[in-house]
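Trainee: Would you mind keeping the following structure in view while I ask a few things?
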Amino acid sequence: MSQLTERINVWIQIFTSLSVIAGFGLVAWQLQLTRTSITAQYALLNISDASADQNSVYGENAAEVLAKACFNPSEMSNADLIVLQHYFSNKLYRILNVFWQSQFSGDETWKDPAATFLSTILMYPQGIGFLKGVAFNDRSNSPIEQFIEQQIAMGNTNPCDEVVDRMRVK
């Protein structure tokens, strides 16, 4: 009987040891998930803060500058150009935001909302020039950069004057 008890004790110790090891593995996995989640939250918060900073430059309504950029670009002042640059930067931050959200969630549908934000940049004659001057943290060939280059190459632009003309009641 003592040999049977000894065997049971050995199996209990083996089972307990394996349970402890599995528990450590689960704790390590949970810590990694928490770290990834916190990193994602900080990245998205930084993008949101940058977007808010850009918005503070051009205020609640950049309509006058956007209209001038569309219909009278030669009349734009330096201040107008700065407002337009910040407006475009804000749209680019929105693209970065949807891209990073998709990276952390595993959802790859970021291109649809990104195309909407990008079209807002590309509809202005100054938009392509702005995008060509954007550095993507020295990571050439990033998915966002590839997406933007594809959209430009495909001619996915909708000129602002045509958009305004479609909206006029005739």
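No lab work stands behind these numbers, since they all come straight from the coordinates. The model shown is predicted, which means the values in this text are computed figures rather than measured ones. Glycine gets a Cβ as well: all are built from the backbone with ideal geometry, and neighbour counts include every protein chain shown.
Trainee: Subtract the Cα-Cα distance of Trp29 and Ser119 from 0.36 nm times their separation in residues, and report this length gain in nm to one decimal. Write out the running numbers ahead of the final one.
Mentor: Numbers: separation 90, 0.36 × 90 = 32.40 nm, distance 4.04 nm.
Computed gain between Trp29 and Ser119 is 28.4 nm.
Trainee: Test of understanding: what is the full-extension gain from Leu81 to Gln103, defined as 0.36 nm times their sequence separation minus their Cα-Cα distance?
Mentor: On the way: separation 22, 0.36 × 22 = 7.92 nm, distance 3.27 nm.
Extra length available between Leu81 and Gln103 comes to 4.7 nm.
Trainee: Suppose each label sits 7 Å from its Cα in the direction of the beta carbon; what would the Arg7-Asp161 distance come out to in nanometres?
Mentor: Modelled inter-label distance: 9.3 nm.
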